[in-house]
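Notes follow once the structure below has been shown.
The values are calculated or read from the model by the stated rules, or taken from the named source; none is laboratory data. Since this is a predicted model, take the numbers as computed values, not measurements. Counting neighbours? That spans all protein chains shown, and the Cβs are built from the backbone with ideal geometry, glycine included.
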Amino acid sequence: MITKRYRTLVLLFAALSFMSFATQTQAAPDTRIKTRSGVVAGVATDGVASFKGIPYAAPPVGDLRWVEPKAVKAWAGDKRADTYGDACIQKPGLSAENGGDPGRLSEDCLTLNVWTPKTGAKAKLPVIVWIHGGAFVFGAGGMPIYDGTPMAKKGAVFVSINYRLGPLGFFAHPALDKARPKGPSNFGLLDQIAALKWVQANIAAFGGDAGNVTIMGQSAGGKSVLALYSSPLARGLFNRGVAMSVYILPDVKPDKARLVGAAVAKGVGLDGANASLADLRRVPAEKFGDIADKEAGLGPVGIVGDEVLPVSIVDTFAAGREQKLPLIIGNTSDDVSVLAGFGLEPAAIVKKLGVAGFALGALYPGVSGDEMARQALRDIVFTMNTRWTADRHAKRAPTWRYYFDYVPEKTRDKHPNGVGHGADIPFFLDTADIYEGTARDLTETDRAMARQASDLLFAFARDGEPAAKGVPTWQSDRVLRDRTMIFGPEKIEQRRNFMKVRLDVLKGATRIVDTLFVRN
């Protein structure tokens, strides 16, 4: 007969054995990782190791300004990776006014950040590479809204990157043409490609599967996703993508880009198109972030015609020549809110259409004035572009559409028009409790929405299909099977033929875009 004392010892031994097993299976990830360039030393918190400010390319300074990213010089010893790298040169304060402080600015900015729940090549975790937005002129991968901890806790290796912005990232000029005929202009996109190559070479040590990489981005980051689908230089570097709030504005042609480049040179005190490359490279980097002349800006687009984008994104998708990879694409219910940041009013823009603008009213029954203009611009610039891109890409690979219309419960009175440009990010990345713009007002219902939305993206990154517990089946979109997942104020639901009649009309009136926006 087993004595009481013996039974107690057995139970104690069993408890200690379980604790030992749990400790072994839930061991903290390593914080010291050897990359191809040297060892990086990160930090671990709550089961997630983070490595910040890892250089993925040499500093693009001096003679490397307006040159393809070059290899990082190897280092000896451990490189501390507990602090974000400097953000790329941009107008001081612009990013803080539009979603977050990027920190210190520097031309030496080609760094990335990694979050992982498990290290070592055997882990084989899905990899998510986040490309920040900001009209290609502001932002940084290290902003709190892009924190990779929540996705890492779900089981992904999350990477966020910096890339060159503004005239230092997207630039054409006669001096560059003279030095390198047919040379690149989209240096920021080349940086993104270099970061993806770094992921291929190094991510296994951080627990990631280089054969299962998903690129995600919003606004200019979403535009970048489509550019990477289109670029011959990015083939084989990723497996699927998520393009959020991608606008329809077309890539700039070379001749127009050179005129902008001349205005940039003039804006930093040089002789416009006659400035030499040596003179341009001697200009202090911060001056390129202070240019006030609107003619010195390309807008939130890249330059068509170089080795990165030999053909425009639109023409590539229209011809069915983009990478044949799964894609999620969508937009928010008030994406047009971004125009206010550029001093533009929807009503004034629609007025430029004249008779065509008056005819838009038939597509928005019961809506008039400023509200009609707001909805029309949202659909022309964002919703229609989502539909157009999805229809074409669905012929090549599985494609899913969404429309995000969930505003946090306590702030709905402040946002009567719906979800602003970028306000879906803390839900899809599950950073709503981290990002100060949402954290103080969250309810449990908000957190549930963030959990479900991010679970869908995580599942897509892991398995190639967006499916999550408690969420309706998200069917892929096809030309003859119009499907959109609606993240609504009350629930998530799939709808058939969402805005179909309206978007069909807008798709057939592409000259509207020419009238409103084309600059090249």
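Considering every residue within segment 371-388, establish whether at least one is outside the structural domain of G217 (by TED's automatic domain parsing), surrounded by fewer than 18 Cβ atoms within 10 Å (Cβ to Cβ) and either more than 12 Å from I329 (Cβ to Cβ) or modelled with pLDDT under 95 (or both). Yes. A single member of G166, G183 is over 20 Å from S454 (Cβ atoms), assigned by TED's automatic domain parsing to the domain that holds L64 and surrounded by fewer than 21 Cβ atoms within 10 Å (Cβ to Cβ), and it is G183.
The criterion of at least 3 residues that are at pLDDT 95 or above and among the small types (G, A, S) is met by the following strands (runs of 3 or more DSSP E) wholly inside segment 1-104: 48-55. Residues in segment 466-478 that are over 19 Å from T386 (Cβ atoms) and either among the polar types (S, T, N, Q) or touching a residue at least 24 places away in the same chain (Cβ under 8 Å) (or both): 1 in all. Please verify whether G320 is touching a Leu at 6+ places or on another chain (Cβ under 9 Å) and part of a loop (DSSP other than H, G, I, E, B), treating the condition exactly as stated. It is false that G320 is touching a Leu at 6+ places or on another chain (Cβ under 9 Å) and part of a loop (DSSP other than H, G, I, E, B).
Considered as a group, the residues in segment 106-147 that are assigned to a helix (DSSP H, G or I) and under 12 Å from the mean Cα position of the chain (by Cα) include one that is surrounded by the most Cβ atoms within 10 Å (Cβ to Cβ), and that residue is Y146.
Here is a yes/no grid of residues against (1) among the basic types (K, R); (2) at pLDDT 95 or above; (3) over 18 Å from T389 (Cα atoms):
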| residue | (1), (2), (3) |
| --- | --- |
| H421 | no, yes, yes |
| I425 | no, yes, yes |
| L429 | no, yes, yes |
| I434 | no, no, yes |
| T445 | no, yes, yes |
| R462 | yes, yes, yes |
| P489 | no, yes, yes |
| E493 | no, yes, yes |
| F498 | no, yes, no |
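May I ask you to list the residues in segment 451-462 that are in contact (Cβ under 8 Å) with a residue 24 or more places away in the chain and of a type in the set (D, E, K, R)? Hits for segment 451-462 are D455, R462. Of all residue pairs spaced 6 or more apart or on separate chains, none has beta-carbon atoms under 9 Å together with a first member in segment 433-450 that is assigned by TED's automatic domain parsing to the domain that holds M151 and a second member that is surrounded by fewer than 18 Cβ atoms within 10 Å (Cβ to Cβ) and in a helix (DSSP H, G or I).
Among the criteria (1) surrounded by fewer than 24 Cβ atoms within 10 Å (Cβ to Cβ); (2) more than 19 Å from L196 (Cβ to Cβ), the one K52 does not fulfil is (2). Filtering segment 286-295 to residues that are within 21 Å of P60 (Cα to Cα) and touching a helix residue (DSSP H, G or I) at 6+ places or on another chain (Cβ under 7 Å) leaves F288, G289, I291.
Going residue by residue through segment 489-497, is there one that turns out to be more than 23 Å from P408 (Cβ to Cβ), surrounded by 19 or more Cβ atoms within 10 Å (Cβ to Cβ) and without any contact (Cβ under 8 Å) to a residue 24 or more places away in the chain?
The answer is no, given that none of the residues of segment 489-497 is more than 23 Å from P408 (Cβ to Cβ), surrounded by 19 or more Cβ atoms within 10 Å (Cβ to Cβ) and without any contact (Cβ under 8 Å) to a residue 24 or more places away in the chain.
For segment 227-277, a residue qualifies if it is among the β-branched types (V, I, T) and free of Cβ contacts under 8 Å to residues at least 24 places away in the same chain, and exactly one does: V268. Filtered by the rule that a residue be touching a helix residue (DSSP H, G or I) at 6+ places or on another chain (Cβ under 6 Å) and in a helix (DSSP H, G or I), segment 296-317 gives A296, I313, T316, F317.
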